[in-house]
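The values are calculated or read from the model by the stated rules, or taken from the named source; none is laboratory data. Predicted model only: the values in this text are computed from it and were never measured. Counting neighbours? That spans all protein chains shown, and the Cβs are built from the backbone with ideal geometry, glycine included.
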Amino acid sequence: MLLRMSTLLLRTLREDPADAEVPSHRLLLRAGYIRRAAPGGYTWLPLGKLVLDRVTEVIRTEMLAIGDQEVHFPALLPAEPYRISGRWTEYGDDIFTLADRKGAEHLLAPTHEEMAALLVKDLFTSYRDFPVTLFQIQTKFRDEARPRAGVLRGREFLMKDAYSFDLDEAGLQAAYDRHREAYQKIFERLGLDFTVVHAMSGAMGGSASEEFLAPTPVGEDDFVGCTACDYAANTEAVVTPAPAAGDLDAHPAMEVHDTPETPTIASLVELANTRGLGGRRDWTAADTLKNVVLTVRRPGVEESELLVIGLPGDREVDLKRVSAALAPATVEVFTDWAEQTELVRGYIGPQILAKLGVRYLVDPRVVPGTAWLTGANEPGRHAVDVVCGRDFTPDGTIEAAEVRPGDPCPACGTGELTMRRGIEVGHIFQLGRRYTDAFSVDVLGPAGKPVRPTMGCYGIGVSRAVAAVAEQHHDDRGLVWPAAIAPCDVHLVAAGKGPQLDAALDLGGRLAAAGLRVLVDDRTHVSAGVKFTDAELIGIPRAVVVGRRLTDGYVELRDRAGGERVEVPLDGLVERLVDEVRAARGAGV
Ligand code: ATP
Ligand code: MG
């Protein structure tokens, strides 16, 4: 393949586009890989399409290698199966819905669990047909609340989604492990630094699930690691170790105190210590029980619900963790205080919540027998020795509190948590029978009795992966593609016109004939300096500069990543580059 810059649909940009917040977005735009076409919708320009195709091919090869079979579902689907599974309402505003000319409701699929389950039901009837795994690489649609950072979060994006069907748990576990391993190979081949973390399963339903996160400061997912063991989890999925329950009778009776002007935790702690509330002057925020009021909306339910969350006062509520815990319901901070007469803002205590019929969930640290300083449900008053299990009984626990670096590791108990940010590039789930139940997918079992298959699903954000690689592989001059997914193997720069241009085109022709992907900068109206700058911006692993020393039979070889430049004889260069590229491909990079 030989691409000529003189005719390529490409305009590199000198300036950073105003609306590009993150490096990958900025560079993919500036280097002419993508172009914004719609809100959350991007056109892949020729160079971008080459990268996207190479990423796709790596993924396809590894999926086929573990025996997955490729299919292609329609993206435009009738509402009915999604109504049956419940996801028509659960996905809420995140799905694009539309009506056809007869008024029948449709959607643009956000993922295809329903279709996969229905297809297997349609074609397979016996236990002998299993296990089977289907995959596709297809455009997905989601009406994201905040499309951002170019192809990192689009409303239309390319996903690889796979669906496994097994007859028992052991089969599902094996399919899950197979995909986990294949994903590791894929992301290694793509040149991505990644971490596999425990995850929440969100709106998909199901149990075990892990995400593949590419660490970078611009990622939208926070995740933790441990200083002592290999525990890693999305902060959404971090489980707070609960202390042992204490003795309910070990505390004095609850006592209410006047605490004027103490609507915040800090003001309360200060007053409690000044006054010596409960005979103590060592109060800290962690001794107080903070009660945060949220509004919860369940998909498809008109009325919203009040929810109060109780947590130690030294922690903030992390709304992302709350949302993950309550998905598919959505939550927001309660603001309608003018309408609220029963809850006293700044002085809420859990003592009255049961009587008011308000749901109360607590942080796992709030166990029976713990005593708290908390609101007394009257303006300017708080209560001490409010004991969980005696003075109030929560409706359950919730992982709502922020996770902080230095928190104890829930896995080993000895290490401390460290925190980083990452981009979710893949997600694997053990779904179970949610969808096979929804569509009564039953097949004949070995004993003549029907068996219901159990499902796993496995996603990779293909277009997002391109941006994630760009995020991890760039410098201040431009992109630095790993060889495995670079749009071309070699970037030839004709530094001058005449013989240098002729030689560059000749070399390009011979490299292309030898099977290499070549981009040749044959533009005659731009300076050599501009060509060098563009080559660095575009980020192809090696450049060959055909310049002044051509007269002696030499060209310059430039390594984009390391920056090395060496003069090499033109003679034998084709063989040398072919060997280099083959070696890189053979090594799977
Ligand atoms: P996120 O939490 O980032 O919204 P998700 O958990 O909703 O993603 P999944 O349903 O797990 O996404 O989809 C599988 C994969 O598709 C994700 O791991 C991610 O790489 C990719 N993906 C999801 N949403 C988008 C999007 N809006 N744009 C690009 N890629 C996406
Ligand atoms: Mg996910």
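Show me the strands (runs of 3 or more DSSP E) found entirely inside the range 346-400 where at least 1 residues are closer than 21 Å to Ala325 by Cα.
359-362
Has the range 250-270 got at least one residue that is away from ligand 2 (no atom under 16 Å from the Cβ), farther than 30 Å from Asn377 by Cα and outside any helix (DSSP H, G or I)?
no
Within the set of pairs 6 or more residues apart or between chains, which connect a residue that is under 16 Å from Asp177 (Cα atoms) inside the range 55-67 to a residue that is of a type in the set (Val, Ile, Thr) with Cβ atoms less than 8 Å apart?
Glu62/Ile186; Ile66/Thr133; Gly67/Thr133
If a residue must be part of a loop (DSSP other than H, G, I, E, B) and out of contact with any Asp or Glu (no Cβ under 9 Å at 6 or more places or on another chain), how many such residues does the range 218-240 contain?
Adding up the residues that qualify gives 3.
Does Arg180 qualify as being within 13 Å of ligand 1 (Cβ to nearest atom), under 27 Å from the mean Cα position of the chain (by Cα) and modelled with pLDDT of 95 or more?
No, not satisfied.
Whether any residue in the range 518-526 is in contact (Cβ under 8 Å) with a residue 24 or more places away in the chain, crowded, with 18+ Cβ neighbours inside 10 Å, in contact with a Leu (Cβ under 9 Å, 6 or more places away or on another chain) and not aliphatic (A, V, I, L, M) is what I want to check.
Yes, the conditions are met somewhere in the range 518-526.
Select from the range 128-149 the residues that are crowded, with 17+ Cβ neighbours inside 10 Å and outside any loop (DSSP other than H, G, I, E, B) and list them in ascending order.
Selection gives Val132, Thr133, Leu134, Phe135, Gln136, Ile137, Gln138, Lys140, Phe141.
Picking from Ala411, Ala329, which residue would you name as being among the hydrophobic types (A, V, I, L, M, F, W, C), within 16 Å of ligand 1 (Cβ to nearest atom) and surrounded by fewer than 21 Cβ atoms within 10 Å (Cβ to Cβ)?
Among Ala411, Ala329, only Ala329 is among the hydrophobic types (A, V, I, L, M, F, W, C), within 16 Å of ligand 1 (Cβ to nearest atom) and surrounded by fewer than 21 Cβ atoms within 10 Å (Cβ to Cβ).
Kindly list the number of the only condition in (1) assigned by TED's automatic domain parsing to the domain that holds Arg434; (2) surrounded by fewer than 21 Cβ atoms within 10 Å (Cβ to Cβ); (3) at pLDDT below 95 that fails for Glu90.
Single failed check for Glu90: (1).
Examine the range 258-271 for a residue that is closer than 21 Å to Pro312 by Cα, within 13 Å of ligand 1 (Cβ to nearest atom) and hydroxyl-bearing (Ser, Thr, Tyr), and state whether such a residue exists.
Scanning the range 258-271, I find no residue that is closer than 21 Å to Pro312 by Cα, within 13 Å of ligand 1 (Cβ to nearest atom) and hydroxyl-bearing (Ser, Thr, Tyr), so the answer is no.
Output the number of residues of the range 289-314 satisfying the condition of being part of a strand (DSSP E or B) and of a type in the set (Ser, Thr, Tyr).
Of the residues in that region, 1 qualify.
Mind checking whether some residue in the range 468-487 is surrounded by fewer than 18 Cβ atoms within 10 Å (Cβ to Cβ), farther than 28 Å from Lys185 by Cα and in contact with a strand residue (DSSP E or B) (Cβ under 8 Å, 6 or more places away or on another chain)?
Taking every residue of the range 468-487 in turn, none turns out to be surrounded by fewer than 18 Cβ atoms within 10 Å (Cβ to Cβ), farther than 28 Å from Lys185 by Cα and in contact with a strand residue (DSSP E or B) (Cβ under 8 Å, 6 or more places away or on another chain).
Among the residues of the range 20-56, how many are closer than 14 Å to Glu156 by Cα and out of contact with any Ser or Thr (no Cβ under 9 Å at 6 or more places or on another chain)?
Residues in the range 20-56 being closer than 14 Å to Glu156 by Cα and out of contact with any Ser or Thr (no Cβ under 9 Å at 6 or more places or on another chain): 5 in total.
Can you confirm whether the range 349-358 contains a residue that is over 26 Å from the mean Cα position of the chain (by Cα), over 23 Å from Leu373 (Cβ atoms) and assigned by TED's automatic domain parsing to the domain that holds Thr370?
Within the range 349-358, one or more residues are over 26 Å from the mean Cα position of the chain (by Cα), over 23 Å from Leu373 (Cβ atoms) and assigned by TED's automatic domain parsing to the domain that holds Thr370.
Give me the strands (runs of 3 or more DSSP E) completely within the range 482-589, filtered to those with at least 3 residues that are among the β-branched types (Val, Ile, Thr) and outside the structural domain of Pro46 (by TED's automatic domain parsing), ordered by residue number.
Filter on the range 482-589 gives 542-546.
Just one of Gly389, Gly461, Gly426, Gly445 is surrounded by fewer than 22 Cβ atoms within 10 Å (Cβ to Cβ) and either outside the structural domain of Val322 (by TED's automatic domain parsing) or among the aliphatic types (A, V, I, L, M) (or both); which is it?
Going through Gly389, Gly461, Gly426, Gly445 in turn, just one is surrounded by fewer than 22 Cβ atoms within 10 Å (Cβ to Cβ) and either outside the structural domain of Val322 (by TED's automatic domain parsing) or among the aliphatic types (A, V, I, L, M) (or both): Gly445.
Filtering the range 150-186 down to residues that are buried (at least 23 other Cβ atoms within 10 Å of the Cβ) and hydroxyl-bearing (Ser, Thr, Tyr), which residue is nearest to Tyr127 (Cα to Cα)?
Only one residue tops the list, namely Ser164.
Can we say Leu108 is modelled with pLDDT of 95 or more and touching a His at 6+ places or on another chain (Cβ under 6 Å)?
No: the conditions fail for Leu108.
Answer with yes or no whether Val425 is β-branched (Val, Ile, Thr) and more than 16 Å from ligand 2 (Cβ to nearest atom).
no
Can you go through Leu52, Leu47 and tell me which one is in contact with a Gly (Cβ under 7 Å, 6 or more places away or on another chain) and not in a strand (DSSP E or B)?
Leu47
Starting from the range 220-240, keep only residues that are more than 14 Å from Arg421 (Cβ to Cβ), then list their pairs with residues that are within 16 Å of ligand 2 (Cβ to nearest atom) and part of a loop (DSSP other than H, G, I, E, B) whose Cβ atoms are within a distance under 7 Å, requiring at least 6 positions of separation or different chains.
Correct list of pairs: Ala237/Ala199; Ala237/Met200.
In the range 442-455, how many are away from ligand 1 (no atom under 16 Å from the Cβ) and either hydrophobic (A, V, I, L, M, F, W, C) or part of a strand (DSSP E or B) (or both)?
6
Please work out which residue is surrounded by the most Cβ atoms within 10 Å (Cβ to Cβ), limiting yourself to the range 199-221 and to residues that are polar (S, T, N, Q) and modelled with pLDDT under 95.
Ser209
Here is a yes/no grid of residues against (1) outside any helix (DSSP H, G or I); (2) out of contact with any Lys or Arg (no Cβ under 9 Å at 6 or more places or on another chain):
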position: Pro410; (1), (2): yes, yes
position: Leu417; (1), (2): yes, no
position: Ile428; (1), (2): yes, no
position: Ser440; (1), (2): yes, no
position: Ser463; (1), (2): no, yes
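Please state which of the following conditions Gly103 fails to meet, knowing it meets all the rest: (1) within 16 Å of ligand 1 (Cβ to nearest atom); (2) exposed (fewer than 15 other Cβ atoms within 10 Å of the Cβ); (3) in a loop (DSSP other than H, G, I, E, B).
Among (1) within 16 Å of ligand 1 (Cβ to nearest atom); (2) exposed (fewer than 15 other Cβ atoms within 10 Å of the Cβ); (3) in a loop (DSSP other than H, G, I, E, B), Gly103 violates only (1).
Before we move on, is Thr227 within 30 Å of Glu316 (Cβ to Cβ), of a type in the set (Val, Ile, Thr), exposed (fewer than 15 other Cβ atoms within 10 Å of the Cβ) and away from ligand 1 (no atom under 16 Å from the Cβ)?
Taking the combined requirement at face value, the residue satisfies it.
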